[in-house]
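**Student:** The structure follows.
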Amino acid sequence: MMDRKHSRSLFQALVALATGGSMACTAGGPQLGQSPTRDVIAAMTPEEKISLVMGTGMRFPDAGMPPEMQPPDVGQTDERVPGAAGMTFAIPRLGIPSVILADGPAGLRIQPEREGDSSGTFYCTAFPIETQLASSWDVDLVERVGGAVGSELKEYGVDVLLAPALNIHRNPLGGRNFEYYSEDPLVTGRMAAAMVKGVQSQGVGTSPKHFVANNHEWNRTTIDVIVGQRALREIYLRGFEVAVAEAKPWTIMSSYNKVNGTYTSESSELLTGVLREDWGFDGLVMTDWFAGRDAVAQMEAGNDLLMPGTAGQQTALRAALESGALSEDVLDRNIERILDVIQRTPTFQGYPHSNTPDLEAHARLAREAGAQGMVLLRNEGALPIASPATLALLGNTSYSMITGGTGSGDVNEAYSISLEQGLTDAGFTLDGPLAESYEAFIKEEEANRPPPPQWFMLPPPLPEMSVPADEIARLARETDLALLTIGRRSGEFIDRSREDDFELADTEKALIDAVTGAFHSEGKKVLVVLNIGGVIETASWREKPDAILLAWQPGQEAGHAIADVLSGKTPPSGKLATTFPVNWEDVPSSRDFPGQVLLGPDPDATGIFADADRAAEVTYEDDIWVGYRHFTTKGEETAYAFGFGLSYTEFGYDDLKLSSTEFEGELTVSVTVTNTGAAAGREVAQLYLSAPGKVAPKPALELRGFAKTKTLEPGESETLSFSLTPRDLASFDPDSSSWLAEAGTYTVKIGASSEDIRQTATFTKAEEEKVATVSTAVGAAPPAE
């Protein structure tokens, strides 16, 4: 184990000299050149250089890893933060420490208890999933969440958070959609930027992931994503571009998959051309764990750090360096980026972490964020619930809430609040015999549940408890209303299925029918709470209950946050950041999701989780027509539109103003939102833009801005402002490798959702404008049809 208080030797001395510090090199040491970091690199041995561009390995004693996947032979282990995902190589003689990297998107993931350590526990806060944070449409709130997560990193001795995750919700069945923000790249980018700003405000780093087009889990380590240049730039890269420009993350994580024939971690077009030359990114790039297959190609492409590091990579780099196949200049370039990040870390700076972050304050923030991100989908006079009231609480997950997804997005929290507890704490009375039946059923089913097929996969879901008809009739007579929770687990490594996941199981449908029938016959209301991580089918049953609250997976304070919204303590103000289709087949990507297997087992498949992966490819035939871009352009019906969400009040929009009717470099848009109802609430105003679409096909509208009001009392108004730049008008033109803003008439559309436009205005652009030119195309994808 490395001593945390490593000696401040050559590296620190050179940095101190370069920055005006008082430390000096000892006599006979190397002379300072133009860059102190480069002087340190010059002092390294070739073996130290090879070790520094890899992590120190990941140990799975029972996983049967082949020799080449075993940790590299570097003679270092580090147990400072058990449960962290990885660490970098230390060079003590040069004062270079190892830095700690840890997951993940919903909060820091480390082991909560440490063998032989009786000083305390190391629990972290489980915040709402990223999809829920995006549903708040509140960038200030997300930045505050990021600040809390960053504080936990710093106080627990972690240097870089392997998050946020910002791949696109291309298809509802994507297994890790819960870890991602939205189907829209602007929402994705702004939410990710807010998270990065918050985390890095605490002096620790982030690693936005997975760069790029890692939009499902099926064959994720081998799949070749065939995507057109326009879709790649406008949909899949755009969120990363926004995050890099607005927040300047310390690192970026490349993805497992190929894009147009090349692994992303081996693509100089992506990592050097797009990321560094086009966007000006100056941090380091690391691989996803065990990603790619050619360590030399990764080095040359600009993938600076190979994680978690393997013996096979060590051997390959050593041989390539000795033979001249790998230039030492390439290693030096990558090492310089790694050292630039190391210098910024709390570990390098000797921060005395406390192991005591303010978990109580963070739990309060998790509760607030959970409530703000919930979306009210239906309300026929059922909400808010008047107190006092006696509730019939039905559904397994009412008593065993799903706080988040599994895999790298999981968090080891100290506790989680069930809906049962949350409602009780809010002063509601629950039917006792029903609660006892559920608790006994869940306990028995969990005891008899078979283990998952692999240790890293989800266990099978519990069957929904069957409630006899006479019991439902008793509940309808003796309680004031019914609340039924539908739950869905989701996680890394596997995509969702249509049956019994996207679509309700027969037992769930039967329970909804029985409960709504019995309660409505008594003149009483039925509420449904959706405790889910991704989109499900609702169109076939949504008219049956009186209210539907989309609670998502709200983190450890789930039950309290849901009760806050149901009771009216926190009025619902969330909006959908992803479309709910009527049927799965309505989604354009359903034609090719998740892809096709090519030749059986892929000889290039590497990594502890890749043993079942096959050579595969998927062609993004939907091109730019993802989510609402498709539905609004084709005029197809949705169950719930992108941007939709109800409140306990109503809002009016008026006084839309443009700073000019002619676009000349920038345009300011303002609109006044007024609470026209009888209760307090917040509204999300969304700015969509419709372009001429004469040069290239354009969606009917595209989101170009959004803003959330403060809490408005009845009759109160707030004026919101937006700015439009040439880039907001532009589309990517593959022929000229540039962003072009065409001449013509544009329509500004301000709405409460993509299908609820309240105000419109037009402006003109006199001439076509080449807004930006990019360095290179990414692969040789066929043109979109």
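**Student:** When Lys and Arg each count +1 and Asp and Glu each count -1, what net charge do the other residues less than 15 Å away from Lys694, Cβ to Cβ, add up to?
**Tutor:** Value of the local net charge: -3.
**Student:** Let me ask something else about it. Classify region 513-593 as rounded, prolate or oblate, taking a ≥ b ≥ c as the square roots of the eigenvalues of its Cα gyration tensor: rounded when a/c is under 1.5, otherwise prolate if a/b is larger than b/c and oblate if not.
**Tutor:** Oblate, because a/c is 1.5 or more while a/b does not exceed b/c.
**Student:** Here's another thing I want to ask about it. As a test of the formula, what do you get for the chain when each DSSP H run with n ≥ 4 contributes -39,500 (n - 2.57) and the sum is divided by the residue count, at 222 nm and rounded to the nearest 500 deg cm²/dmol?
**Tutor:** Helix contribution divided over all residues of the chain: -7500 deg cm²/dmol.
**Student:** Could you work out what % of the accessible surface of the chain is carbon and sulfur, using a 1.4 angstrom probe and leaving DNA, RNA and ligands out of the count?
**Tutor:** 47
**Student:** Need one value: the accessible area of Val771 in square angstrom, 1.4 angstrom probe, rounded to the nearest 10.
**Tutor:** 50
**Student:** Treating only the Cβ atoms of Lys and Arg (+1) and Asp and Glu (-1) as charged, compute the dipole magnitude of region 82-159 about its Cα centre; round to the nearest 20 debye.
**Tutor:** The dipole magnitude comes to about 280 debye.
**Student:** Mind listing the long-range amide H neighbours of Ala772? Cut-off is under 5 Å, sequence gap 5 or more, other chains count too, H placed in the peptide plane at 1.01 Å from N.
**Tutor:** So Ala772 has HN proximity to Trp739.
**Student:** How about region 660-751: which trypsin sites (Lys or Arg not before Pro) there are in a DSSP loop, with at most 11 other Cβ atoms within 10 Å of their Cβ?
**Tutor:** Answer in residue order: Lys694, Lys710.
**Student:** How many Å² of accessible area per residue for the chain, probe 1.4 Å?
**Tutor:** Result: 36 Å² of accessible area for each residue.
**Student:** Does region 719-785 classify as rounded, prolate or oblate by the C-alpha gyration tensor (a ≥ b ≥ c root eigenvalues; a/c under 1.5 gives rounded; else a/b over b/c gives prolate, otherwise oblate)?
**Tutor:** prolate
**Student:** Right, next: In region 540-583, whose amide N lies under 13 Å from the spot 7 Å out along Cα-to-Cβ of Ala389? List them in ranges.
**Tutor:** Within reach of a label on Ala389: 546-549, 563-569.
**Student:** Rounded to the nearest 0.05, what FRET efficiency is calculated for Ser268 and Ser736 with R0 set to 25 Å and r the Cβ-Cβ distance?
**Tutor:** Computed FRET efficiency for Ser268 and Ser736 comes out at 0.70.
**Student:** Counting other Cβ atoms within 10 Å, which GluC sites (Glu not before Pro) in region 182-275 have at most 14 and lie in a DSSP loop?
**Tutor:** When the GluC sites (Glu not before Pro) of region 182-275 are filtered for loop state and at most 14 Cβ neighbours within 10 Å, nothing remains.
**Student:** Using θ = phi - 60° and the Karplus form 6.51 cos²θ - 1.76 cosθ + 1.60, what ³J(HN,Hα) does each residue of region 499-508 get, whole Hz, x for Gly and Pro?
**Tutor:** Those phi angles translate into 6, 6, 9, 4, 9, 5, 6, 4, 5, 6 Hz.
**Student:** Once you sort the root eigenvalues of the Cα gyration tensor of region 206-314 as a ≥ b ≥ c, which label holds: rounded (a/c under 1.5), prolate (a/b larger than b/c) or oblate (the other case)?
**Tutor:** Oblate, because a/c is 1.5 or more while a/b does not exceed b/c.
**Student:** Checking the table Lys197/Lys765; Lys209/Lys575; Lys154/Lys443; Lys248/Lys694; Lys248/Lys575 against a 30 Å threshold on Cα-Cα, which pairs fail?
**Tutor:** In this structure, Lys197/Lys765; Lys154/Lys443; Lys248/Lys694 lie more than 30 Å apart at Cα.
The values are calculated or read from the model by the stated rules, or taken from the named source; none is laboratory data. Being a predicted model, the structure only gives us computed values, none of them experimental. Every residue, glycine among them, receives a Cβ derived from its backbone with ideal geometry; neighbour counts consider all protein chains shown. We work out accessible area using only protein heavy atoms, side chains counted, and drop any ligands, DNA or RNA first. Shrake-Rupley method; radii C 1.70, N 1.55, O 1.52, S 1.80 Å.
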